[in-house]
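Asks: Structure in structure tokens, see below.
The values are calculated or read from the model by the stated rules, or taken from the named source; none is laboratory data. Keep in mind the model is a prediction, meaning the values are calculated, not measured. Here the Cβ positions follow ideal geometry from the backbone for every residue, glycine too, while neighbour counts run over all protein chains shown. With ligands, DNA and RNA removed, areas are computed over all heavy atoms of the protein, side chains included. Shrake-Rupley method; radii C 1.70, N 1.55, O 1.52, S 1.80 Å.
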Amino acid sequence: MNIYEAIRNDHDIQRDLLDKLVDTSGDTKTRSDLFKALRKELTLHANAEERHFYKPLIPTDMMQDYARHGIAEHHEIDELIEALENTEMDSSAWLKVAKNLKEKVEHHLEDEEHTFFQLSGKVFDSNQKKELAIKYNNYMNSHR
Ligand SMILES: [Fe+2]
Ligand SMILES: [Fe+2]
């Protein structure tokens with residue numbers, strides 16, 4: 001497995017949780033459980049990705065701005081998660097914020113998969129791509 005396959009697998013988990021989350025209503029256990037699962041996935045993924053994907057790209061001139069942009073989006077995602085935590089789950093505002101979060105995350109995943117993966121593919125050699133996948137997966141598995 002290379003780093004791209006490892007990240008894409010987890011992006012698919014996020015997409016699935018987001019689809020399910022915006023299909024929930026009111027102050028229900030389903031909504032709360034899905035939100036907690038999504039929050040954990042997003043947080044762990046951002047941490048693992050910053051350590052084992054973005055960070056090794058920052059010293060590369062060509063990638064620096066992209067890496068910074070990606071990390072800035074992780075912070076925007078964090079802010080939407082916080083906004084959801086601070087909104088009453090049975091208010092109509094909650095679903096609105098959840099939909100914003102879904103849109104923001106989906107846009108970010110697209111950016112990573114379509115732009116970032118292609119460009120960084122020229123920076124890492126195939127051994128590095130495999131080693132990063134091992135480190136990335138170790139981080140995810142030891143924190144899940
Ligand atoms: Fe990301
Ligand atoms: Fe990602």
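Asks: Regarding T28, is this residue away from ligand 2 (no atom under 16 Å from the Cβ) and surrounded by 13 or more Cβ atoms within 10 Å (Cβ to Cβ)?
Replies: Numbers: away from ligand 2 (no atom under 16 Å from the Cβ): yes; surrounded by 13 or more Cβ atoms within 10 Å (Cβ to Cβ): no.
No.
Asks: Within segment 87-117, work out how many residues are under 17 Å from A6 (Cα atoms) and away from ligand 1 (no atom under 15 Å from the Cβ).
Replies: Counting residues in segment 87-117 that are under 17 Å from A6 (Cα atoms) and away from ligand 1 (no atom under 15 Å from the Cβ) gives 0.
Asks: Let me ask you something else. Please go through segment 64-74 and give me each residue that is open to solvent by less than 100 Å² (accessible area, probe 1.4 Å) and within 14 Å of ligand 1 (Cβ to nearest atom), ordered by number. Lay out the reasoning, then the answer.
Replies: As a first pass, look at segment 64-74 and keep what is open to solvent by less than 100 Å² (accessible area, probe 1.4 Å): 64, 66-67, 69-74.
Correct list: Y66, A67, H69, G70, I71, A72, E73, H74.
Asks: With the checklist (1) of a type outside the set (D, E); (2) over 21 Å from K20 (Cα atoms); (3) more than 15 Å from ligand 1 (Cβ to nearest atom); (4) open to solvent by less than 30 Å² (accessible area, probe 1.4 Å) in hand, flag the one item Y54 doesn't pass.
Replies: Going through (1) of a type outside the set (D, E); (2) over 21 Å from K20 (Cα atoms); (3) more than 15 Å from ligand 1 (Cβ to nearest atom); (4) open to solvent by less than 30 Å² (accessible area, probe 1.4 Å) one by one, Y54 breaks only (3).
Asks: A follow-up question, please. Residues that are aromatic (F, W, Y) and under 15 Å from the mean Cα position of the chain (by Cα), at least 1 per element: which helices (runs of 4 or more DSSP H) completely within segment 69-144 meet that?
Replies: Working: elements: 92-111, 117-120, 126-143.
Where helices (runs of 4 or more DSSP H) fall fully within segment 69-144 and carry at least 1 residues being aromatic (F, W, Y) and under 15 Å from the mean Cα position of the chain (by Cα), they are 117-120, 126-143.
Asks: Sort through D33, D78, D19, D27 and tell me the only one that's within 15 Å of ligand 1 (Cβ to nearest atom) and either within 20 Å of R144 (Cβ to Cβ) or not aliphatic (A, V, I, L, M) (or both). Quick ask: steps written out before the conclusion?
Replies: Values: D33 fails: within 15 Å of ligand 1 (Cβ to nearest atom); D19 fails: within 15 Å of ligand 1 (Cβ to nearest atom); D27 fails: within 15 Å of ligand 1 (Cβ to nearest atom).
Answer to the selection: D78.
Asks: Exactly one of these conditions fails for P59: (1) surrounded by 13 or more Cβ atoms within 10 Å (Cβ to Cβ); (2) part of a loop (DSSP other than H, G, I, E, B). Give me its number.
Replies: Status for P59: all satisfied but (1).
Asks: Is it the case that some residue within segment 87-96 is buried (at least 19 other Cβ atoms within 10 Å of the Cβ) and within 16 Å of ligand 2 (Cβ to nearest atom)?
Replies: So far as segment 87-96 goes, no, none of its residues is buried (at least 19 other Cβ atoms within 10 Å of the Cβ) and within 16 Å of ligand 2 (Cβ to nearest atom).
Asks: Pick out the one residue from L80, L42 that is open to solvent by less than 90 Å² (accessible area, probe 1.4 Å), modelled with pLDDT of 95 or more and within 15 Å of I7 (Cα to Cα).
Replies: On the way: L80 fails: within 15 Å of I7 (Cα to Cα).
Criteria check complete, one pass: L42.
Yes/no matrix, rows are residues, columns are (1) touching a residue at least 24 places away in the same chain (Cβ under 8 Å); (2) more than 10 Å from the chain's Cα centre (by Cα):
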site	(1), (2)
K29	no, yes
S32	yes, yes
A37	no, yes
A46	yes, no
H52	yes, yes
I58	no, yes
D65	no, yes
